[in-house]
Amino acid sequence: MVEEAIRKTNPGVFDEKGNLTVKDWIRIRIPEDTVDIFELYTHIALMKTGQTVHWVDSWYYHIYDGGIHCGTNVLRKV
């Protein structure tokens, strides 16, 4: 199960319910052998224009709100 693998790879980051325990930005490693098609396509498109691409994952939003969200969004109740 992916959730269990994420918890094992990131000890001390989540509580027993799966909530983040950290209050600051942190890199969370997601041990999967899959590719995010949106990220791959966007990365290639931007690289072709000469841009240097740096990704900030919105894992919190994927878990709690779903979908792809702008990196400028703030935590909110939906």
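The values are calculated or read from the model by the stated rules, or taken from the named source; none is laboratory data. Just so it is clear, the model here is predicted, and its values are computed rather than measured. Using ideal geometry, Cβ is built from the backbone for each residue, glycine included, and neighbour counts are taken over all protein chains shown.
Points to keep in mind about this one:
Residues are listed down the side, and each one gets a yes or a no for (1) surrounded by 10 or more Cβ atoms within 10 Å (Cβ to Cβ); (2) touching a helix residue (DSSP H, G or I) at 6+ places or on another chain (Cβ under 7 Å); (3) modelled with pLDDT of 90 or more:
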residue	(1), (2), (3)
5	yes, no, no
14	yes, yes, no
23	no, no, no
26	yes, no, no
58	yes, no, no
61	yes, no, no
78	no, no, no
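- Among the residues of region 1-46, those that are in a loop (DSSP other than H, G, I, E, B), among the basic types (Lys, Arg) and more than 14 Å from the chain's Cα centre (by Cα) comprise 17, 23.
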